[in-house]
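First comes the structure, then the notes that go with it.
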Amino acid sequence: MRVVLVSTYELGHQPFGLSSPKAWLVRDGHHVVCVDLAVGTLDRAEPAILTADLVAFYLPMHTATRLAIPMIERVKHLNPRARLACYGLYAPLNRDLLHGLGVEATIGAEFEPALVQLANGGIPVAQNAAGSMPRLTFLTPDRSDLPDLSAYSHLTQNGAKITAGYTEASRGCKHLCRHCPVVPVYQGQFRVVQRDVVLADIRQQVAAGARHITFGDPDFFNGPTHAMRIVEDFHAEFPDVSYDATIKIEHLKQHRDLLSRLKETGCLFVTSAVESVDDSVLARLEKGHTRQDFFDVAGWMREAGLALQPTFIAFTPWTTLDSYGELLRALAELELVENTAPVQLALRLLVTQNSRLLELPELRAVIGEFDEKGLVYPWKHSHAEMDRLASCLFQTVSRRQDQNKSRAEIFGEIWELVMRTPAPALPRQLPVPHLDEPWYCCAEPAPQV
């Protein structure tokens, strides 16, 4: 069977969600073409689309799903006989909408064998009910027809742009944070990618020019022993290649003893979804950490020589002008202004289908009807000025980034807009290493998407 796998957006990374299922499909004898619309156009893939028997769209996040909808319509027009499928976290969350567009199968977690089953002419069994998550023996991802790594997000370090690769050592998450899109699909389960497969994937990307690797696991320390064995082997083989990972504040606190080992094995920075410095909001989101935990971890990370890259959902129905000001003061006090992408100070809470946020009566009181075009439950703050502030700050950040303003300059402007006082004098801090693609997945995307 001729199969086309399509990705619309994966945070600037060469898509693991295309390369992994391609390896499975090729092993079963199928002809597979990968199309990454984040760095290309559907026009260039049109010959493959026209002859495809199956076209499957990878939907790992909200933005990717919104971008995929018009592409699904276009593929239907180009090749009405092709079977259509969607897979990834946001496929089951939007099953009814996608089926209404003519998508035959929506596959959520651990999608590789289900895609093979579909390509072989079957209908994949639903795999998203609690207790039914398969444990897969993974294959080394097949990246052979994806664009060169140079087309993707780069590591910015000391003014240089460094080619970066991307892999996954695990999927899912043990935790049940209310706002997280992983939760409705994995429901507290996580699955590891075998160490030899992860290392083989890193090896092929280093051969292709990568000098930095991002581990894209929802939380790298869901399985800390597994994670540390991988990075120790990785560092032994490639001592000059650095990496980054995403780890919860809760896990950074719990495994404080591992911070120095992360540094020793080449970790440059850790992304952590702090979300808020307001304990009442953290409790509502069931984040598993407190404001003080964040402050403690920030200090321990600095002692270990690791950069903490915090992410936030700055605007929620419970955000006040005072609590937003506290967020700005915390970043200044902790000397994390250079560590924080400015867009993190302007993001709004995302409420999707089946989100655990819908369990909260105070959230249900402020949301509207589900928006099928935006794929969200829209919400309005009880104080309209907070919604106006969020919009103003998002526009400010977008303009200033387009003007190549520094993080400190943008932070200072936000401070003056919100606090109505001159921005504090920040200590001189060198820019910290970071990827040049904005990082967010649990927040409403830019209005233009």
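No lab work stands behind these numbers, since they all come straight from the coordinates. For clarity, every value in this text was computed on a predicted model and none was experimentally measured. FYI the Cβ positions are ideal-geometry reconstructions off the backbone, even for glycines, and counts take in every protein chain you see.
Provide VAL26, VAL3 in ascending order of the number of other Cβ atoms located within 10 Å of each residue's Cβ, fewest first. If you can, show how the numbers build up before the last one.
Working: VAL26 15, VAL3 27.
Ranked by crowding around the Cβ, least crowded first: VAL26, VAL3.
Taking Cα centre as origin and charging only the Cβ of basic (Lys, Arg, +1) and acidic (Asp, Glu, -1) residues, the dipole magnitude of the range 117-270 rounds to 500 debye.
Local charge sum around GLY223 (other residues, Cβ-Cβ under 10 Å, Lys/Arg +1, Asp/Glu -1)? Walk me through the numbers before you get to the answer.
Values: positive: LYS174, ARG191, ARG229; negative: ASP217, ASP219.
Result for the local shell: +1.
Given R0 = 56 Å, the distance between the Cβ atoms of SER280 and ALA208 translates into a calculated FRET efficiency of 0.75.
Net length available on complete extension from GLU73 to SER406 is 115.9 nm, with 0.36 nm assigned per residue and the Cα-Cα distance removed. If the chain linking GLU104 and GLU303 were pulled fully straight, counting 0.36 nm for each residue of separation and taking away their Cα-Cα distance, it would gain 66.4 nm.
So which GluC sites (Glu not before Pro) in the range 323-365 pass both tests, a DSSP loop state and at most 14 other Cβ atoms within 10 Å of the Cβ?
Passing both the DSSP loop test and the Cβ count: GLU335.
In the chain, the longest principal axis of the Cα atoms and the axis of helix 407-419 are about 60 degrees apart. Label zone of HIS383 (point 7 Å out along Cα→Cβ, amide N under 12 Å): in the range 310-339 this covers 318-326. Distance between the modelled labels on ARG356 and ASP322, one decimal in nanometres: 2.9 nm (7 Å Cα→Cβ projection). At q = 0.13, 0.15, 0.22 Å⁻¹, what is the log10 ratio I(q)/I(0) for the range 2-119, with the Debye formula run over Cα points and no solvent? Debye intensities relative to I(0), on a log10 scale: -0.40, -0.55, -1.34. Per-residue extension of 0.36 nm, minus the Cα-Cα distance of ALA425 and ASP96, leaves a gain of 113.2 nm for this segment. Diffusion coefficient (Stokes-Einstein, Kirkwood radius over C-alpha pairs, 10 °C, 1.306 mPa s) for the range 133-283: 97 µm²/s, rounded to a whole number. In straight-distance terms, cross-link reach from LYS248 covers every one of the lysines whose alpha-carbon lies under 18 Å from its own, apart from those fewer than eight places away in the same chain; here that gives LYS174, LYS263, LYS287. Axis of helix 16-27 versus longest Cα principal axis of the chain: the two differ by about 20°, to the nearest ten degrees.
The order of the peptides 109-119, 372-382 by mean Cβ neighbours within 10 Å, most packed first, is 109-119, 372-382. The label-point distance for GLU333 and ARG291, in a model that sets each label 7 Å from Cα toward Cβ, rounds to 0.7 nm.
The value for the range 303-446 of Rg(Cα) / (2.2 N^0.38 Å) is 1.10. Using the Cβ of LEU118 as centre and a radius below 9 Å, the other residues enclosed give a net charge of 0, where K and R count +1 and D and E count -1.
Among 395-405, 266-276, 248-258, sorting by the average number of other beta carbon atoms lying within 10 angstrom of each residue, highest first, gives 266-276, 248-258, 395-405. Debye-formula intensities of the range 149-435, expressed as log10 I(q)/I(0) at q = 0.09 Å⁻¹, are -0.46 (one equal scatterer per alpha-carbon, no solvent). Peptides 182-191, 13-22, 158-167, 38-47 ranked from most to least packed by the mean count of surrounding Cβ atoms within 10 Å: 13-22, 182-191, 158-167, 38-47.
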